[in-house]
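Worksheet: the structure to be examined is printed underneath.
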Amino acid sequence: MFFQAIFGCHPEGLRQVFLKGKRNQMTNRWFGRPLWFLLLVVWTTLLLRPEPVTIQEEAVPIAWRYGLAKGLHVGVYSLLSGWGCLLFLRKWWFLGVSLLCHGALTEYLQTFTNYRKGDWVDVAWDGLGIGIGMGVARVIYGLFSRSDIVAK
């Protein structure tokens with residue numbers, strides 16, 4: 001039930017989503033997509049607020065800060081792009097470009113804050129995350145839409 005609410009289909013029916021393009025549109029529209037947009041809004045807020053910087057300075061050892069920050073960029077954008085590809089099956093390229101523009105815009109907006117500085121290298125890390133997420137989604141798509149699975 002939870003999987004169906006998030007991804008718009010039951011795990012056993014995932015193959016049918018990719019083969020026939022069918023899914024529970026009501027569940028996807030009223031639960032999965034709003035959760036995806038909520039994650040995007042929360043991530044955007046965290047990128048522009050001072051609290052994450054303060055928590056990082058207080059709780060994370062100096063040696064781990066760079067890796068943790070860049071890992072979060074890659075991880076969150078991987079999640080957003082991979083999950084988004086499953087939710088918005090026919091608009092993959094638009095989703096990838098939109099997320100990359102989102103990353104660039106948030107980095108630009110960070111230059112106007114006193115507590116953050118926009119780093120264009122982060123946009124590259126975001127792009128890496130988007131590529132990973134879309135690649136994983138394409139592998140999942142390929143696994144569930146192969147013709148040898150259809151024959152079974």
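Bear in mind these aren't lab numbers, they're just calculated from the coordinates by the rules spelled out. The structure displayed is predicted, hence computed values, not measured ones. Backbone-built Cβ (ideal geometry, glycine too); neighbour counts: all protein chains shown.
For this structure, a couple of remarks:
- Ratio of Rg to Rh over region 48-152 (Cα coordinates, Kirkwood Rh, two decimals): 1.11
- FRET efficiency for F112 and V53, using Cβ-Cβ distance with R0 set to 22 Å, rounded to 0.05: 0.90
- Neighbour-count order for V76, V121, V53, V136, fewest beta carbons within 10 angstrom listed first: V121, V53, V136, V76
- Residue ranges 54-67, 88-101 sort as 88-101, 54-67 when ordered by packing (mean number of other C-beta atoms within 10 Å per residue, highest first).
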